[in-house]
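Engineer: Have a look at this one before I ask anything.
The values are calculated or read from the model by the stated rules, or taken from the named source; none is laboratory data. On a predicted model such as this, the values are computed, not experimentally measured, just so you know. Reconstructed Cβ throughout: ideal geometry from the backbone, glycine too, with neighbour counts over all protein chains shown.
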Amino acid sequence: MTDTRSGFVTFVGRPNVGKSTLTNALVGEKVAITSEKPQTTRRAIRGIVNRPGGQLVVVDTPGIHRPRTLLGQRLNDLVEQVLGDVDVIAFCAPATEKVGPGDRRIAESLSGYPRAKKVALVTKTDAASRDQITERLVEVDALREDWAAVIPLSAVTNDQLDVLSDELLALMPVGPALYADDVVTDETLEDRIAEIIREAALHGVRDELPHSIAVTVDDVAAREDSDLTDVYANIVVERDSQKAIIIGRKGSRLADVGARARAGIEPLVGGRVYLSLHVRVAKEWQRDPKQLGRLGF
């Protein structure tokens with residue numbers, strides 16, 4: 001019998017290079033929310049990928065960025081902690097954009113984590129021409145001399161995902177699976193619901209507002225007399241003007257957020273959902289250690 005392998009991999013790169021989309025594609029289920037807004041991911045979310053030869057635990061982390069708030073600094077600290085613990089670090093660069101100074105800085109910083117093996121991924125190949133993909137592979141390959149593999153892929157079309165899974169598994173230590181084979185994430189139901197609501201709230205907002213949105217869940221309870229599940233949650237923003245934007249004219253925007261969120265929550269709880277959303281203001285919470293603690297950062 002061949003030895004099974006299992007271990008931890010994390011994807012790193014500038015914000016918005018497709019890390020969360022790739023995590024979801026590998027797991028085969030949505031465990032990390034996605035948005036075109038940078039710094040959408042705020043926690044280390046683990047997705048579990050079961051393969052014939054073993055198990056990969058994908059740790060989805062925030063994008064590495066220059067922090068402008070205490071929240072930003074804490075997100076960067078979280079990434080550093082994860083990078084120090086994983087078996088493989090996969091650096092991501094989109095095929096659609098030239099490798100720039102930010103990519104170089106991140107690729108160089110990986111030398112600070114000598115324990116982890118390094119892999120380079122050229123993402124979003126479905127949106128790029130063959131010439132762009134070739135050019136990007138050359139640029140990415142030149143960033144470091146110790147890549148264990150350089151792989152072009154698309155999380156949207158699933159192109160090369162099997163190749164990636166097999167390469168990653170081959171780099172993992174020999175050992176038993178870390179999670180039962182029916183587990184896709186170690187996130188709690190409340191955490192997953194909060195993230196789905198935040199994803200819905202992020203849809204269509206502009207400028208600085210995305211960074212100011214946080215979500216807390218007060219209660220998730222199945223009704224005794226029906227198939228409904230009651231979900232009570234808060235959307236937290238930093239200013240009254242932002243509260244007005246989230247609620248929208250005559251509550252229209254909040255109703256849209258609720259409808260989007262319900263569509264994501266119902267498959268999770270396996271039935272219909274009554275969602276009660278309350279918008280509240282926590283002044284400058286991104287810069288306030290006490291507020292950050294209360295919001296789980």
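Engineer: Tally the residues that are assigned to a loop (DSSP other than H, G, I, E, B) and not basic (Lys, Arg), restricting the search to segment 52-101.
Structural biologist: Adding up the residues that qualify gives 16.
Engineer: Quick test of your reading of the structure: Val99 fulfils all but one of (1) at pLDDT 95 or above; (2) β-branched (Val, Ile, Thr); (3) touching a Gly at 6+ places or on another chain (Cβ under 8 Å). Name the failing condition by number.
Structural biologist: (3) is the only condition that Val99 fails.
Engineer: Quickly run through segment 238-297 and pick out the residues that are in contact with a helix residue (DSSP H, G or I) (Cβ under 7 Å, 6 or more places away or on another chain) and at positive phi.
Structural biologist: Gly248
Engineer: Identify, by number, the condition in (1) buried (at least 17 other Cβ atoms within 10 Å of the Cβ); (2) out of contact with any strand residue (DSSP E or B) (no Cβ under 7 Å at 6 or more places or on another chain); (3) modelled with pLDDT of 95 or more; (4) acidic (Asp, Glu) that Glu167 doesn't meet.
Structural biologist: Unmet for Glu167, out of (1) buried (at least 17 other Cβ atoms within 10 Å of the Cβ); (2) out of contact with any strand residue (DSSP E or B) (no Cβ under 7 Å at 6 or more places or on another chain); (3) modelled with pLDDT of 95 or more; (4) acidic (Asp, Glu): (2).
Engineer: In this structure, is Ser212 over 20 Å from the mean Cα position of the chain (by Cα) and of a type in the set (Ser, Thr, Tyr)?
Structural biologist: No; evaluated as a whole, the condition is false for this residue.
Engineer: A further question follows. Assigned to a strand (DSSP E or B), surrounded by fewer than 21 Cβ atoms within 10 Å (Cβ to Cβ) and not hydroxyl-bearing (Ser, Thr, Tyr), is that true of Ala221?
Structural biologist: Judged against the criteria, Ala221 is a match.
Engineer: Next question. Please give the number of the condition Asp182 fails out of (1) in the same structural domain as Gly47 (by TED's automatic domain parsing); (2) surrounded by fewer than 16 Cβ atoms within 10 Å (Cβ to Cβ); (3) acidic (Asp, Glu).
Structural biologist: Among (1) in the same structural domain as Gly47 (by TED's automatic domain parsing); (2) surrounded by fewer than 16 Cβ atoms within 10 Å (Cβ to Cβ); (3) acidic (Asp, Glu), Asp182 violates only (1).
Engineer: Consider segment 58-91. How many of its residues are of a type outside the set (Phe, Trp, Tyr) and at pLDDT 95 or above? Reasoning before the result, please.
Structural biologist: Let us first name the residues in segment 58-91 that are of a type outside the set (Phe, Trp, Tyr), namely 58-90.
Keeping just the survivors that are at pLDDT 95 or above gives 87-90.
Result for segment 58-91: 4.
Engineer: Something else: Working carefully through the options Arg144, Arg115, find the one that is of a type in the set (Lys, Arg), assigned to a loop (DSSP other than H, G, I, E, B) and within 24 Å of the chain's Cα centre (by Cα). It would help to see each step written out before you state the result.
Structural biologist: Details: Arg144 fails: within 24 Å of the chain's Cα centre (by Cα).
Every option except Arg115 fails the conditions.
Engineer: Provide a single number: the residues in segment 118-149 that are under 19 Å from Thr23 (Cα atoms) and either outside the structural domain of Val86 (by TED's automatic domain parsing) or surrounded by fewer than 20 Cβ atoms within 10 Å (Cβ to Cβ) (or both).
Structural biologist: Of segment 118-149, the ones under 19 Å from Thr23 (Cα atoms) are 118-127, 149.
Those left that are additionally either outside the structural domain of Val86 (by TED's automatic domain parsing) or surrounded by fewer than 20 Cβ atoms within 10 Å (Cβ to Cβ) (or both): 126-127, 149.
The total comes to 3.
Engineer: Among the residues of segment 37-51, write down those that are at pLDDT 70 or above and assigned to a loop (DSSP other than H, G, I, E, B).
Structural biologist: Listed by number, the list holds a single entry, Ala44.
Engineer: A follow-up question, please. Does at least one position in segment 204-216 carry a residue that is outside any loop (DSSP other than H, G, I, E, B), modelled with pLDDT of 90 or more and loosely packed, with under 15 Cβ neighbours inside 10 Å?
Structural biologist: Within segment 204-216 (the criterion being outside any loop (DSSP other than H, G, I, E, B), modelled with pLDDT of 90 or more and loosely packed, with under 15 Cβ neighbours inside 10 Å), the answer is no, since none of the residues qualifies.
Engineer: Among (1) within 20 Å of Ile45 (Cβ to Cβ); (2) in contact with a Gly (Cβ under 7 Å, 6 or more places away or on another chain), there is one condition Val220 misses while meeting the rest; what is its number?
Structural biologist: With (1) within 20 Å of Ile45 (Cβ to Cβ); (2) in contact with a Gly (Cβ under 7 Å, 6 or more places away or on another chain) applied to Val220, the lone miss is (2).
Engineer: Look at Val140 and say whether it is β-branched (Val, Ile, Thr), at pLDDT 95 or above and touching a strand residue (DSSP E or B) at 6+ places or on another chain (Cβ under 6 Å).
Structural biologist: For Val140, the condition - β-branched (Val, Ile, Thr), at pLDDT 95 or above and touching a strand residue (DSSP E or B) at 6+ places or on another chain (Cβ under 6 Å) - is met.
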